[in-house]
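K.L.:
Input: one structure, supplied below.
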Amino acid sequence: EAGVTQFPSHSVIEKGQTVTLRCDPISGHDNLYWYRRVMGKEIKFLLHFVKESKQDESGMPNNRFLAERTGGTYSTLKVQPAELEDSGVYFCASSQEGRFSGNTIYFGEGSWLTVV
Amino acid sequence: AQRVTQPEKLLSVFKGAPVELKCNYSYSGSPELFWYVQYSRQRLQLLLRHISRESIKGFTADLNKGETSFHLKKPFAQEEDSAMYYCALSGLYNFNKFYFGSGTKLNVKP
């Protein structure tokens, strides 16, 4: 079974440019999450999709970040325009429908974003 | 406020020595506690959760509600245990949002 896949694995962009990160969850997983870790800090929740609907987007830093999940399958996270403080690792994760603690959350390998 | 604190950024021990990775938390409701591990060049994966009360790869963690701690322990560290360890919590009734600590890098020396 394929795991959660993220693309690109690494991205270096200039301040002011746009970057789009993509996440393909495990097939059949209704729950999809985005997390972020900036250098030296904790991994922080960004948002949670259930199928195509945003269930909780309380962790999105500001309106420069836009997340979508087309048809309840893959998800994209766009940063526009990128700022220096957006640099970090963006993790995507997915889990099956149901009570979270009864299901394991599976993480992708992360997308490393460097804004210069 | 919800917070997970891992006071040690780096922990170095010799092979065969006991290891304890500290985790303290604050949460306004009933938390569920987890340990996640990231080995070199691998993805973040669940190591254990307090609700299961199980031992994985020789690691155990006991939830101490009085001290609001969930320290990870192993009596005899192995070189293959070297990795980044993250303590995390979610709410029993808000279980789709995780709060992570900043991680502890465990280095087990031969």
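K.L.:
Interface A/B, total buried accessible area with a 1.4 Å probe, nearest 100 Å²?
P.N.:
Summing both sides, the interface buries roughly 1900 Å².
K.L.:
For chain A, I need the span (max minus min coordinate) of the C-alpha atoms along each principal axis, in Å, sorted largest to smallest.
P.N.:
40, 23, 23
K.L.:
Can you give me the C-alpha center-to-center distance between the stretch B:21-81 and the stretch A:2-16, rounded to a whole angstrom?
P.N.:
If you average the Cα positions of each part, the centres end up 29 Å apart.
K.L.:
If I take every Cα pair under 8 Å that is 6 or more residues apart in chain B, average their sequence separation and divide by the length, what percent do I get for the relative contact order?
P.N.:
38
K.L.:
Also: What are the residues whose amide H is under 5 Å from the amide H of A:VAL12, where those residues sit 5 or more places off or on another chain and H is modelled from the backbone?
P.N.:
Here A:THR114 satisfy the definition.
K.L.:
Ordering B:ASP62, A:ASP56 by accessible area with a probe of 1.4 Å, largest first, what comes out?
P.N.:
B:ASP62, A:ASP56
K.L.:
Now, a different point. What figure in square angstrom, to the nearest 10, would you give for the accessible area of B:GLU80 with a 1.4 Å probe?
P.N.:
Around 130 Å² of this residue is reachable by solvent.
K.L.:
Further question: Which entries of A:LYS15/B:LYS97; B:LYS9/B:LYS73; B:LYS22/B:LYS57 show an alpha-carbon separation above 28 angstrom in the structure shown?
P.N.:
A:LYS15/B:LYS97, as the Cα separations exceed 28 Å there.
K.L.:
Leaving out same-chain residues fewer than 8 places away, which aspartates and glutamates sit with a Cα under 20 Å from that of A:LYS78?
P.N.:
Here the aspartates and glutamates satisfying the reach criterion relative to A:LYS78 are A:GLU14, A:ASP24, A:GLU52, A:ASP56, A:GLU57, A:GLU68, A:ASP86, A:GLU109.
The values are calculated or read from the model by the stated rules, or taken from the named source; none is laboratory data. Keep in mind the model is a prediction, meaning the values are calculated, not measured. Quick note on the areas: whole protein, heavy atoms, side chains included, nothing else; ligands and nucleic acids left out. Shrake-Rupley method; radii C 1.70, N 1.55, O 1.52, S 1.80 Å.
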